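The values are calculated or read from the model by the stated rules, or taken from the named source; none is laboratory data. Owing to the predicted nature of the structure, the values given are computational and were not obtained by experimental measurement. Because the Cβ atoms are built from the backbone with ideal geometry, glycine has one as well, and the counts that use them run over all protein chains shown. Surface areas here come from the heavy atoms of the whole protein model, side chains and all, with no ligands, DNA or RNA. Shrake-Rupley method; radii C 1.70, N 1.55, O 1.52, S 1.80 Å.
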Amino acid sequence: MAKRLIRHPATQGALAWLVALYLRLVWATTRWTLVGEEHARACADRPMILAFWHERLPLAALGWRLLARRVPQQGGRRAQVLISRHRDGRLIAAAVRPFGIDVVHASSSKGGATGLRALARILAGGGVAVITPDGPRGPARSAAPGVAQLAALAGVPVLPCAVASSRMRLARSWDRMRFPLPFGRGVAVMGAPVAVARDDAAAAIPAIAAALDAACARADAMVGA
């Protein structure tokens, strides 16, 4: 009975509203700093791939809002993030929509190729694609080939990103997902773009993973996490 209630569209809608409301509270009560703004400005009027580790997904919406406000995007474009088709993915989609993020529903285990093609079309139109290379099931901080394949297909470099808060709670999930708390100091880090060769995407995967780790380390250090 409880499972059916949680799965009901009305319940899912209410939960999404509560999550969005909570994220707005975190946004409004956090002192934000953007690091690597020059990398964002160089891509403000061209296709952009933003990569986060899955553990930072709850913070990614706040990072994108900060980026879009500090570095206005051409045409007020919104970010497009690859999320699982699972009901949790649909809930996340509804929760992050007010933060300028739309969702491409797919995953690495089902429909991943379709999702990557959809993101490639978005990039071809000058859009912003957001991807978690280790999602949705991990292993944590182990980049799957999809992010490099997307970059090679679109001819667009990968911008490694991380967001951290001085007030976070870690979940007991496989990736120890970070959940931000209100009234903290927040840092969004954008690393230097990682180029991906069209004819050798796999060679860029270690560099992408290392750049993501470095962005996380820098963001965590700046907030004392």
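Some notes on this structure:
- Residue that is modelled with pLDDT of 95 or more and closer than 26 Å to L34 by Cβ, where the choices are A225, A210: A210
- Highlighted here are the helices (runs of 4 or more DSSP H) found entirely within the range 62-169 that include at least 2 residues which are modelled with pLDDT under 85: 87-96, 112-124.
- Only residues that are open to solvent by 40 Å² or more (accessible area, probe 1.4 Å), in contact with a strand residue (DSSP E or B) (Cβ under 6 Å, 6 or more places away or on another chain) and part of a helix (DSSP H, G or I) were counted in the range 27-49, giving 1.
- Of the residues screened, F179 is one that is in contact with a Lys or Arg (Cβ under 7 Å, 6 or more places away or on another chain), part of a strand (DSSP E or B) and either open to solvent by 60 Å² or more (accessible area, probe 1.4 Å) or of a type in the set (G, A, S) (or both).
- Residues being in contact with a helix residue (DSSP H, G or I) (Cβ under 7 Å, 6 or more places away or on another chain) and exposed (fewer than 13 other Cβ atoms within 10 Å of the Cβ) - total across the range 198-208: 2
- Across the range 136-152, not a single residue is classified as of a type in the set (G, A, S), over 23 Å from P72 (Cα atoms) and out of contact with any helix residue (DSSP H, G or I) (no Cβ under 9 Å at 6 or more places or on another chain).
- Taking every residue in the range 98-123 that is closer than 17 Å to A16 by Cβ and pairing it with any residue that is among the β-branched types (V, I, T) and modelled with pLDDT under 95, at least 6 positions away or on another chain, the pairs with Cβ-Cβ distances below 7 Å are I101/V81; V103/V81; V103/I83; H105/I83.
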